[in-house]
Amino acid sequence: MRSLVVKGGADIRGSVTVSGNKNAALPMIAALLLTDEEVVLRNVPDILDVRTMLDIAGELGAEFSFENHILRFRCSKIRTTCVPKEMCARNRTSILFAAPLLARCGRAELYPPGGDVIGRRRLDGHFYGLIKLGAEMSGIDTYCFDAPSGLAGRELFLDEASVTATEQILIAAATAKGRTTLYNAACEPHVLDLAKLLNAMGAKISGAGSNTVEIDGVERLHGTEYTVVGDHIEAGSFLALAAAAGGEITVHGTVPRHYWMLRRVFERLGITMELHADRIFLPGGQEPHVECDFGGHIPQISDGPWPQYPSDMMSCTIVAATQSRGTVMFFEKMFESRIYFADRLISMGANAIVCDPHRVVITGKAQLHAVTMSSPDIRAGMAMVIAALCARGESTIHSAEVIYRGYENLVEKLTGLGADITEHISC
């Protein structure tokens, strides 16, 4: 059991470099099983979820080394098509091994995936895509897929722009026979990054980054070298910290277009930032205040599929709003349990009204005070770290290992920004 002890009131300022995108690296590891040649991935974040995906790949027959953010990976032969139940339960993206196993072996057996408990997270898009491409599925508690004749491309339409379902289909269609056209595809930066990796391996994918993607199946993929894009959610989290704490920060390793919506949302909280080619600068000395909608109406910040505001940024932004003068409503449209972490902010002194599982009204500026709490999921855990750094006194956050699933070297990075934070390990 890992805990973080955080003393509030520190002067947050300095620079930080974001790690590779977690949500790009995880599906990439599954996609590497499509080839029997070596692939070298650079800028891979050394986080628990990446280690979990590598453990699964190793169980399936892959050989790899992972040091200094460089992953050297080769799967010459797949020795089993079954992902053990306990491994599937360790993270959400374990389900993505279905596509490469089907592509190479014509069979895959998996169990329900784990991941953050933030409400129901449908798998229907995955099953729809694989079945329409030619797989037969059986089982309820176990997901068994068979495609003895191989997969074949066709037109597909997702009923929701699911990120992981889009990734599953990209991986499956890369070596399927013929053309696959996917409508209502997810457009997130990490989906585009996966498509770029697959193309570097010899796939023929066009339109990635838009809601219509075409994949012309190829007979085989080959090895390559590729660098994972920086993590825009990690960058946004550090920007939310500086905004909430009244600090000044430069975040390196960014791509400007990934932050257009984030900048717009922060402007609604009275926070300005400068987007440069490879960095973002958030000046210190700002006085956050909620910008009302035309006519003086309370504004609403809501999430949605890209390029709308990422759901993963909602928790940290809610904390930033507690330190902004004025009232704003947050509408979490995508997950019914993510807003519940606001109860912990209320216990710290935040002026928050939880309207229902999807909406919370925040009125700031609130003086937060230290409490002892536990991290329910990756993003809420990071949000509680930010709240603790803004609070009076010393807070303790239990289950810190949950936060480490998505944030690499978090204590070191925060300490480098001036935070007073230490890790405690107990048996």
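The values are calculated or read from the model by the stated rules, or taken from the named source; none is laboratory data. Values in this document were obtained by computation on a predicted structure and should not be read as measured data. Positions of Cβ are generated from backbone atoms using ideal geometry, with glycine treated the same way; all protein chains shown enter the neighbour counts. To get the accessible areas, we keep the full protein, side chains included, count just its heavy atoms, and leave off ligands, DNA and RNA. Shrake-Rupley method; radii C 1.70, N 1.55, O 1.52, S 1.80 Å.
Checking each residue in the range 28-82 for being open to solvent by less than 10 Å² (accessible area, probe 1.4 Å) and either part of a strand (DSSP E or B) or free of Cβ contacts under 8 Å to residues at least 24 places away in the same chain (or both) picks out V39, V40, L41, L71, F73. When each of G230, G270, G209, G217 is tested for being within 30 Å of G129 (Cα to Cα) and without any contact (Cβ under 8 Å) to a residue 60 or more places away in the chain, the lone residue that passes is G209.
State which residue is farthest from R104 (Cα to Cα) when the search covers only the range 4-59 and only residues that are of a type in the set (D, E) and within 15 Å of the chain's Cα centre (by Cα). Full working, then the answer.
Of the residues in the range 4-59, the ones of a type in the set (D, E) are 11, 36-38, 46, 49, 55, 59.
Pick out the ones that are also within 15 Å of the chain's Cα centre (by Cα) and you get 46, 49.
On the way: D46: 28, D49: 24 Å.
Checking each candidate, the answer is D46.
Among the residues making up the range 1-53, those that are over 27 Å from V255 (Cα atoms) and of a type in the set (A, V, I, L, M) are M1, L4, V5, V6, A10, L33, L34. Restricting the first member to the range 382-407 and to residues that are over 12 Å from R344 (Cα atoms), and the second to residues that are of a type in the set (D, E, K, R) and in a helix (DSSP H, G or I), the beta-carbon pairs closer than 6 Å and six or more apart or on different chains are R405/D49; G406/K22. Scanning the range 225-265 for residues that are open to solvent by less than 60 Å² (accessible area, probe 1.4 Å), part of a helix (DSSP H, G or I) and not aliphatic (A, V, I, L, M) yields H232, E234, G236, S237, F238, P256, H258, Y259. When the range 324-338 is filtered for residues that are open to solvent by less than 10 Å² (accessible area, probe 1.4 Å) and in a loop (DSSP other than H, G, I, E, B), the ones remaining, listed by number, are S324, E332. Screening G134 against (1) surrounded by fewer than 23 Cβ atoms within 10 Å (Cβ to Cβ); (2) part of a helix (DSSP H, G or I); (3) not hydroxyl-bearing (S, T, Y) leaves a single unmet condition, (2). Out of the residues in the range 344-360 meeting the condition of being free of Cβ contacts under 8 Å to residues at least 40 places away in the same chain and under 25 Å from the mean Cα position of the chain (by Cα), tell me which one is surrounded by the most Cβ atoms within 10 Å (Cβ to Cβ). Once the filter is applied, the top-ranked residue is H358.
Matching residues to (1) open to solvent by less than 50 Å² (accessible area, probe 1.4 Å); (2) assigned to a loop (DSSP other than H, G, I, E, B):
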| site | (1), (2) |
| --- | --- |
| E267 | no, no |
| G270 | yes, yes |
| G284 | yes, yes |
| G295 | no, yes |
| I301 | yes, no |
| P307 | no, yes |
| M313 | yes, no |
| T317 | yes, no |
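Can you tell me which residue in the range 177-224 is surrounded by the most Cβ atoms within 10 Å (Cβ to Cβ), limited to those that are polar (S, T, N, Q) and assigned to a strand (DSSP E or B)?
So in the range 177-224, the residues polar (S, T, N, Q) come out as 180-181, 184, 199, 206, 210-212, 224.
Next, only the ones that are assigned to a strand (DSSP E or B) stay: 180-181, 206, 210, 212, 224.
Working: T180: 26, T181: 17, S206: 12, S210: 10, T212: 14, T224: 18.
For the range 177-224, the residue satisfying everything is T180.
Taking the conditions (1) aromatic (F, W, Y); (2) over 29 Å from A185 (Cα atoms); (3) in a strand (DSSP E or B); (4) open to solvent by less than 10 Å² (accessible area, probe 1.4 Å) in turn, F341 satisfies each one other than (3). Taking the numbered list (1) within 30 Å of G230 (Cα to Cα); (2) within 23 Å of the chain's Cα centre (by Cα); (3) of a type outside the set (D, E, K, R) in turn, L101 passes all entries but (2). Checking the stated criteria, E160 turns out to be surrounded by fewer than 18 Cβ atoms within 10 Å (Cβ to Cβ) and touching a helix residue (DSSP H, G or I) at 6+ places or on another chain (Cβ under 7 Å). Filtered by the rule that a residue be open to solvent by less than 10 Å² (accessible area, probe 1.4 Å) and assigned to a loop (DSSP other than H, G, I, E, B), the range 380-407 gives A391, G406, Y407.
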